[in-house]
Amino acid sequence: MTSLTHKFHALTKIIIAGILYAVGFGMIGIIHNFALFILSTVIWTIGEILVTTSFGVYISNNSPSNYRASFNAVGGLSWSIGGALGTSLAGKFIDSFGLNYIWSLTFIISAIATIVMYVVKILSVNEENRLKEDKCKEVKA
């Protein structure tokens, strides 16, 4: 996996992971074939691998060195809280609306999160470019 994506920006990998999450989890609610269920699992698992290998890289590259451990700890804590709340809220959602609708909701949440990450990437790249331009101006001056 990393040999295919090592040249990509960490946020690009997270965006691809979001798309894979949306497709992989979203298709669970509409498929009725075991082979497609296996395909769905492969798709969202690849997304999970991309997020897991890219999240820490992005945090490390975009946080001050003296705060990296703190940022990574908060990131890990947010994953844990999300896992705890997500399963509880999903259970309540399933009780209210049924099992098939949780996959539509997961698709929608994944798609929205992917769009947000795309916006973050655009802002991040613009900031990186601005900082490079400022350094070039400083060197020339």
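Listing Tyr58, Tyr67, Tyr118, Tyr21 from fewest to most neighbouring C-beta atoms within 10 Å gives Tyr67, Tyr118, Tyr58, Tyr21. Could you work out how far apart the two model spin labels at Ser96 and Ala113 are, taking each label as a point 7 Å from the Cα in the direction of the beta carbon, and quote it in nm? Each label point lies 7 Å from its Cα, and together they span 1.9 nm. Order of Thr106, Thr45 from fewest to most other C-beta atoms within 10 Å? Taking fewest neighbouring Cβ atoms as first place, the list is Thr45, Thr106.
Using a simple spin-label model with pseudo-atoms 7 Å out from Cα toward Cβ, Ile59 and Cys136 lie 3.3 nm apart. Per-residue ellipticity at 222 nm from helix content only, as computed over the chain with -39500 (n - 2.57) for each DSSP H run of at least four residues, stands at -30500 deg cm²/dmol. According to the calculation over all Cα-Cα pairs in the range 2-140, the P(r) per 5 Å bin from zero is 2, 9, 13, 18, 19, 14, 10, 6, 4, 2, 1, 1, 0 %. Only Cα pairs under 8 Å and 6+ residues apart enter the sum, and on that basis the relative contact order of the chain stands at 36 percent.
Among His32, His6, the ranking by other beta carbons within 10 Å of each residue's beta carbon, starting with the fewest, stands as His32, His6.
Here, each number is a calculation from the coordinates, and none is a lab measurement. Values in this document were obtained by computation on a predicted structure and should not be read as measured data. Neighbour counts are summed over all protein chains in view; Cβ atoms, including those assigned to glycine, are modelled from backbone coordinates with ideal geometry.
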